[in-house]
Amino acid sequence: MDSITQAVLGASIQGALLGRWQGRKALLYGALLATVPDLDVVMEYGDAVANMTYHRGFSHSLFVLSGFALLLTWLARRFRPHPGYSANRLLLTLWLVLITHPLLDAFTSYGTQLFWPLMPTPTAWSSLFIIDPMYTVPLIAAVVISLFTGLREQSWRVPAVALAVSTLYIGFSLAGKFMAEQRVERELARQGIQAEQLFTTPTPLNTLLWRVIVLDGEDYHEALVGWFDDKPPQLQRLPRGTHLREQLTDSTMHQRLEWFTGGVLRYDQVGERLIVTDLRLGMTGFHPFRFDFARLQDGQWQVYERIDRLPFERGEAEHLALLFKRIWQPQLEIPLLAWAGELQKPLLTETRSH
C-alpha cells in the first residue's frame, strides 16, 4: 500500500494500544515505525527486475520484523522504561505496528515475501488496489481526531474503532474477489475453457469492479466483473505471446520475474525488442512494470545482461472515468481489446541505458 496508508495504520495501532500513556507521541512513533519496512526502496540491486523482485523482501519478512520488535522492546525497556505499561504490552504494540505493514501489502497485487528467507512465491492476495481511499480515509480521520483529543481518557477508542472499520473493509474486499472469481469460473465452464490460472485484482481505487485474468496457453482472457452486474462476464481473448518466452529460458532475471509474478506475464515483440509485461498491476493496457529483455539482431534474439524498465504510461483520465462508470452501468462496454493494443505500440525510443 502507499506510504500514507501505512503511516496512519501504524499510528492508529500505537494510538489504540499505548495512546493513553504516550499521548500524541504514540501517533508519531507508530507512523514512523510503520514506514521502516519500505526503506528497502533506497537500495539498488543491479537492474530493474532485481529492484522490483527484491523489494518487499527481507524488510517485509515476518521473521525479521518479529525479531526487530523484540530488539526494540528490549532497548525501550532498558533505556526508556515506562511504569504505565508492561513489556508484553509494548512488545505486542511494536510487533503489530511492524507486521501489519507487510500483511497489508500482501493484500495488494504486487507480491510480498512474508516468509523470507524461505522462497515460496511472494504472497499476493490481491483484494486491495495499492491506493484505496475507502480503506485509508477512516484511519486518517482517526489520526486527525486523536491529534486534537491527545488520546487521553477514553479517546484512544477512536483509532480502535477506525481499525475495526478498516479490517471489515478488507473482509468486504475478499468477498468481492470471491464473487468475481465464482462468476468467471462459471462462464469458463459454460464455454469449456480449461484455465491454467486465474488472477483477480480490483480495478483502480475501489473494490466494486474487478479485473480477472485467465491464463490459457498462448492466449489469456480478461473480464470485468462488478457487484451490480446482472449478466455473465464477457471474456476478451488476448495474445499472450508465450512462444517468445522460449528466447528467455537461460535468463536468470526472467526466471526470477516468473517466480515473483507467478507467471502472470505477457510477451510482445515490439519492433526488434522483446518486451515482458507484468499483467497483474495497473489496468488493461497500462501496466507499471514492463521490461526490455532482448533485441533481435541478425535474426537472433540477444538477451540483455542488465534489464531496463520501460517508462510507465498511466493512461488517460477518461480510462479511469470509464471504469468508474462501468461500476454502476453494467451494460457499458469497456474497450479492453483496444486498451491492450497499447502494449504493441512502437516504443518512443530505441536507445537503452547501460
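The table that follows gives values for the structure above.
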quantity: Unmet criterion (only one of (1) under 23 Å from Leu336 (Cα atoms); (2) part of a helix (DSSP H, G or I); (3) over 24 Å from the mean Cα position of the chain (by Cα); (4) among the aliphatic types (A, V, I, L, M)) for Ile193; calculated: (2)
quantity: Selection status of Ser86, open to solvent by 40 Å² or more (accessible area, probe 1.4 Å) and either over 29 Å from the mean Cα position of the chain (by Cα) or closer than 24 Å to Arg280 by Cβ (or both); calculated: yes
quantity: Criterion violated by Tyr304 - all others in (1) of a type in the set (Phe, Trp, Tyr); (2) within 23 Å of the chain's Cα centre (by Cα); (3) open to solvent by less than 70 Å² (accessible area, probe 1.4 Å) satisfied; calculated: (2)
quantity: Residue within segment 171-194 that is touching a helix residue (DSSP H, G or I) at 6+ places or on another chain (Cβ under 7 Å) and open to solvent by less than 60 Å² (accessible area, probe 1.4 Å) present; calculated: no
quantity: Condition check for Leu343: buried (at least 17 other Cβ atoms within 10 Å of the Cβ), hydrophobic (A, V, I, L, M, F, W, C) and at pLDDT 95 or above; calculated: no
quantity: One residue from Leu71, Leu94, Leu28 being more than 24 Å from Val137 (Cβ to Cβ) and out of contact with any Ser or Thr (no Cβ under 8 Å at 6 or more places or on another chain); calculated: Leu71
quantity: Every pair of residues 6+ apart whose Cβ atoms lie under 7 Å, when the first sits in segment 327-342 and is assigned by the TED database to the domain that holds Val225 while the second is of a type in the set (A, V, I, L, M) and open to solvent by 30 Å² or more (accessible area, probe 1.4 Å); calculated: Ile327/Leu208; Ile334/Leu322
quantity: Test: Trp95 is assigned by the TED database to the domain that holds Thr5, open to solvent by 80 Å² or more (accessible area, probe 1.4 Å) and within 23 Å of Thr73 (Cα to Cα); calculated: yes
quantity: Extreme residue, nearest to the chain's Cα centre (by Cα), among residues of segment 249-284 that are open to solvent by 10 Å² or more (accessible area, probe 1.4 Å) and hydrophobic (A, V, I, L, M, F, W, C); calculated: Leu281
quantity: Elements of type helices (runs of 4 or more DSSP H) contained in segment 11-80, each with 1 or more residues being open to solvent by 10 Å² or more (accessible area, probe 1.4 Å), of a type in the set (Val, Ile, Thr) and in contact with a Phe, Trp or Tyr (Cβ under 7 Å, 6 or more places away or on another chain); calculated: 62-79
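The values are calculated or read from the model by the stated rules, or taken from the named source; none is laboratory data. Note that the coordinates shown come from a computational prediction; the quantities given were computed from them, not determined experimentally. Neighbour counts run over all protein chains shown; Cβ positions are idealised from the backbone, glycine included. Just the protein is used for accessible areas: all its heavy atoms, side chains included, with ligands, DNA and RNA removed. Shrake-Rupley method; radii C 1.70, N 1.55, O 1.52, S 1.80 Å.
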